[in-house]
Amino acid sequence: MLARAAPAGEPGLTDAPPPGRHTSRPLTLPGDVMRDAGRHVIDMICAHLDEGAAEPVTARLPPQTAKELRDQPVPLSPADPLQVLGELGPLLRSGNTHPDHPRFLAFVPSPGNYMGVLAAALAAGFAVPTGWSFSGPVSTAIEKTTIAWLVELLGLPPETGGLFVSGGSTATLHALTVARDTTAGSQYDRATAYCSDQTHFSVGRALHVLGISRDRVRHLPTGMDGRLDVRQVEERVRADRRAGLTPFAVIANAGTTGTGAVDPLADLSALCSRHRLWFHVDGAFGAAAAITEEGRRAVPGLPLADSLSIDPHKWLFQPAEIGCVLLRRPELLRQSFGVPHPSYLSGADGTDEDLMQYGIQQTREFRALKLWLSLKVFGARAFRDAVAAGMQLAEDVGKHIASRDDLELVTAPSLGVLTFRPIARALVPRDRLDRITDRVVGAIAERLAESGDALVMPALVADRRVLRLCTINPRADVRELEAVVDGVAALADELITDLLTEPRRTP
Ligand SMILES: Cc1ncc(COP(=O)(O)O)c(C=O)c1O
């Protein structure tokens, strides 16, 4: 029971808490209530994981609900945890789009796994420390081991090491900080970086945070294949040097978000050696392919990277947040981020094991536990099979698209991503048909999202609007995805006819 009397004018504090639900000690609950609440939460999660595929992919709640949530006053009085959880359930079930849904085919899905979810709860439940090895010897050992497992599974040089961070954006920020410190040094006000026009925006943002202004980032154009042209990079590096600038890093893609394209990693690595540049690979999404045999062939040259970003919360099936930065010389992280041992810890010696010395955070979530626990429970072979299944699914769906004469496969499956668009046929000029198709692509994505059947986003490939599918959820079913494709074709037919027969609405 909340014993404190409310000061005059303070609303709510005199309300009695629900009987038996709260203890007299602040912010605690009796053991049986904790267990009831925990069981309720686990039931909610299991129902979502077991039955969520039959629910709509996209948010269903009226916009009014979000407004009401925003307008809620601070809750001053206690409430029954089961009642609050009961109210939360429908909001979580229907109030957001589900990136772990098997027909969530947009962005990079987050398929997640149950052991990862439990690991997140355990890490929070035990308030596990991870920054200092004296307070977290086990968590430090688990993180280091999990990094070593990841390095081995990806086929990277054994000396590679790194850190779990919040996601791909932060991983790249860590890597490029080291790149800047190591390669550009005090010249960083003149530093230039090189990447493709397909590179994820997190790279430009990381460089901005590091003080590399936008006009010093060379987003070099790519063609239909979405890959960097090595000769173009080299010419630009030379031109910048001649102009008195300081080229310091090439950032390559191992799987662009748009089409899954992989830059020529080996050739770019050789270029970086020739010009003494840092070679970072953004594999936030695609590097996980390297845990399979066929995927490793799709990202050749990954072991040549000076640094690599990889997101276990994408294609290694972990719940957000868990990203990872890996370096061939992990001690460089310490050179960039390490701090002198603080005076308030004079009794405890710092060691090389203190993970807070290798990144920007001191207090760190025990993210490693998600990957560690799910690898222990399912085994690495299950992860390999799941990654391979995602690539195979894209191949199968790609064949289905190619077999239809009303759809065009625009970019072939690469690392579980493909793009396609309807083929409009009519006796009207080509450019008008293209404009109509562009409009239809956007309308199809909207209609699918409204129906809740699937989430597919439009993208741009060589200035043409396409529909993009990312098929990495191992719980996705090939027949269901073929049905989504057939639905797209039927919708396209309807919309194209509509636009062609209503001249006023035709672009
Ligand atoms: C290629 C690539 N790099 C970086 C990121 C950013 O990762 P995060 O959202 O975990 O910060 C993404 C996210 O989709 C990505 O696809």
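Each reported figure results from applying straightforward, stated rules to the coordinates on display, with no laboratory input. Note that the coordinates shown come from a computational prediction; the quantities given were computed from them, not determined experimentally. All Cβ positions, even for glycine, are placed from backbone atoms using ideal geometry, and neighbour counts span all protein chains on display.
Each residue of region 297-314 was assigned a 3J(HN,Hα) from its phi angle through the Karplus expression (A = 6.51, B = -1.76, C = 1.60, θ = phi - 60°), giving 5, 7, 10, x, x, 4, x, 8, 5, 5, 8, 9, 9, 9, 10, x, 7, 9 Hz with x at Gly and Pro.
Computed from backbone phi with θ = phi - 60° and the Karplus coefficients 6.51, -1.76 and 1.60, the 3J(HN,Hα) list for region 250-259 is 10, 10, 9, 9, 10, x, 6, 5, x, 10 Hz; x is used for glycine and proline.
For region 255-407, just say rounded, prolate or oblate: build the C-alpha gyration tensor, square-root its eigenvalues into a ≥ b ≥ c, call rounded for a/c under 1.5, and beyond that prolate if a/b exceeds b/c, oblate if not. Oblate.
Sequentially through region 456-466, phi angles give Karplus couplings (6.51, -1.76, 1.60; θ = phi - 60°) of 10, 10, x, 9, 10, 10, 6, 6, 10, 7, 10 Hz, Gly and Pro residues having no value and appearing as x. Close amide H pairs (under 5 Å, H built 1.01 Å from N) link Leu407 with Ile423, residues at least 5 positions away or on another chain. Given axes a ≥ b ≥ c from the Cα gyration tensor, I'd like to know whether the chain is rounded (a/c under 1.5), prolate (a/b larger than b/c) or oblate. Because a/c hits 1.5 or more and a/b fails to exceed b/c, the chain counts as oblate. Among Val250, Val209, sorting on how many other beta-carbon atoms sit within 10 Å of each Cβ, with the fewest leading, yields Val209, Val250. Qualifying trypsin sites (Lys or Arg not before Pro) in region 214-278, where qualification requires a DSSP coil assignment and no more than 13 other C-beta atoms within 10 Å, comprise Arg276. Could you list, in their original order, any pairs among Lys67/Lys370; Lys376/Lys399; Lys67/Lys314; Lys144/Lys370 whose Cα atoms are separated by more than 25 Å? Checking Cα-Cα distances, Lys67/Lys370; Lys376/Lys399; Lys67/Lys314 exceed 25 Å. Simple point charges give the picture: +1 on the Cβ of Lys and Arg, -1 on the Cβ of Asp and Glu, and for the chain a dipole about the Cα centre of about 1180 debye.
Between amide H atoms placed 1.01 Å from N, distances below 5 Å from Trp278 occur with Ala249, Val250, all of them 5 or more places distant or on a separate chain. For the chain, which DSSP H helices look membrane-span-like by this rule: Cα extent along the axis of 27 Å or more and mean Kyte-Doolittle of at least -1.0? The qualifying helices are 31-51, 380-402, 430-451, 478-501. In the chain, taking the dipole from charged Cβ atoms about the Cα centre, the farthest positive-side position among Ile45, Leu29, Leu371 is held by Leu371. Using the rule -39500 (n - 2.57) for each DSSP H run of four or more residues, divided by the residues of the chain, the 222 nm mean residue ellipticity is -13500 deg cm²/dmol. Take every pair of alpha-carbon atoms less than 8 Å apart whose residues are at least six positions apart; their mean separation over the length of region 108-256 yields a relative contact order of 21 percent.
Computed on region 213-362, with alpha-carbon pairs under 8 angstrom and 6+ residues apart, the relative contact order is 15 percent. When both region 336-413 and region 202-229 are represented by their alpha-carbon centers, they are found 23 Å apart. For region 75-196, the Cβ-based charge dipole about the Cα centre amounts to some 180 debye (Lys, Arg positive; Asp, Glu negative; other atoms uncharged). Close amide H pairs (under 5 Å, H built 1.01 Å from N) link Leu163 with Val325, residues at least 5 positions away or on another chain.
Taking every alpha-carbon pair under 8 Å whose residues sit at least 6 apart, the chain reaches a relative contact order of 18 percent.
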